[in-house]
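Since the structure comes first, as structure tokens, the remarks are kept for the end.
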Ligand SMILES: [Zn+2]
């Protein structure tokens, strides 16, 4: 079923159709919320809020944008709202069960400890590098490489032309590469990837 | 070799965003330039690493969303009167003042509804229908019709007070703190407390009907609110109370919140 068909059904109150839209968008939105709030339990709350807003506001979604960009914006707004409230009201009381949940979310210690450690360190270094980028560069790169949005979708969300998104992305990628090259571990890792890919005939 | 002019093409190639012409241009260059080949492979690897920063959402997320969706049906949302009952006489008095002479049947709406329906049923009119029969189609001077008007109104239209209640719930019901509400003119003051400590004080204020007459408009305020926040924390409730629309849900792109409610 196309997104349009799912939307039409959801507007008529079909919860299964909406569930499919949730399924198709939840990973991207969860990661957006996680980046913005920094806490898995907050990210979960924000995404729930955004989807509920989408459900309640479906009649206002006229299809000027894609559903993906619309809920992306709702999630971003819900995260901003969440952060503002947290600032105004201090830390809300934790809901029962959160501690338990946090415990189950600890990384699995089993598979290849050394490899896992390197992966975690690499991820941390990559995040640091991303945070060092200028905000406009970081934004387009996250929207493209992490969230998988198209040039058109990014352009719509940031109120830019697709051409600007394209050139800004190229600069952002080069800026990140430069930062990573300054990180010893990373340049070694990247050149090893490069050799592997070179041997494999430039696949990927 | 003038490699700089190829970096935008390399970047776009990663996104599958090259035209046929651009692709041929880039491929020709890559065949003879090991530096650009290396760059392309590095940027590809870099994108791959970025994607790996994503985490899997918890498995329960979708089911939690759908639970909430299920408890907020898109149609036939029932009136929520619980809070207003708790406010008791003060709220009732306010409704009386606002609704004027038609207030009594409205206040008795929940009780009046079954009564009106049974009266209609006795006449052989289907129960569902008497809620939708337009006024001018009903027989004039029929005493049994009169309660239906009140029923019809309470069934389809929320009062501003009921809409205010929805907005108050929306902004404060899930704060996790104890909540005290007080009616204050057209506004409802909200105090959140944790034991004896006041955590937050704010108010939801009724602004009036939208230009197109289809929405009640509200704003959520607190002391020290910035202009941006004052602008942002605004809400609209359709007259039937079927939704609470927060500006932050900021609806179709480039649409001004106020413009949404102008005919
Ligand atoms: Zn070159």
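Computed from the coordinates by the stated procedures, all read-outs in this text should not be read as laboratory data. What you see is a predicted model; the values in this text were computed from it and never measured. Virtual Cβ from ideal backbone geometry, glycine too; neighbours counted across all protein chains shown.
Taking neighbour counts of Cβ atoms within 10 Å as a proxy for exposure, in what order, fewest first, do A:55, B:246, B:222, B:232 appear?
B:222, B:232, A:55, B:246
For a Förster distance of 30 Å, can you work out the FRET efficiency between the beta-carbons of residue A:124 and residue B:4, rounded to the nearest 0.05? The value I calculate is 0.40.
With just the Cα atoms defining each centre, how far is the range A:1-57 from the range B:207-232? Give it in Å. Using only Cα atoms, the two centres lie 26 Å from each other. Peptide B:212-225 is shielded by partner chain Cβ atoms: per residue, an average of 0 of them sit within 10 Å of its Cβ.
Answer rounded, prolate or oblate for the range A:147-188, using the Cα gyration tensor with square roots of eigenvalues a ≥ b ≥ c: rounded when a/c is under 1.5, else prolate when a/b is larger than b/c, else oblate.
Values: a/c = 4.30, a/b = 2.72, b/c = 1.58.
Prolate.
Rounded to whole Å, give me the distance from the Cα center of the range A:149-176 to that of the range B:27-69. Taking the Cα centre of the range B:27-69 as reference, the centre of the range A:149-176 is 15 Å away.
Determine, for B:69, B:204, the number of other Cβ atoms within 10 Å of each Cβ, and report the residues in order from fewest to most.
On the way: B:69 21, B:204 25.
Result, fewest neighbours first: B:69, B:204.
Ranking B:3, B:33, B:188 by Cβ neighbours within 10 Å, fewest first, what do you get?
Working: B:3 12, B:33 16, B:188 25.
Taking fewest neighbouring Cβ atoms as first place, the list is B:3, B:33, B:188.
Inter-chain Cβ neighbour count for B:58-65, averaged per residue, equals 6 (cutoff 10 Å, partner chain atoms only). Per residue of peptide B:190-197, the mean number of Cβ atoms on other chains within 10 Å of the residue Cβ is 1.
Pull out a ≥ b ≥ c, the square roots of the eigenvalues of the alpha-carbon gyration tensor of the range B:1-72, then state rounded if a/c is under 1.5, prolate if not and a/b is larger than b/c, and oblate in the remaining case. Prolate shape, in that a/c is at least 1.5 and a/b is the bigger ratio.
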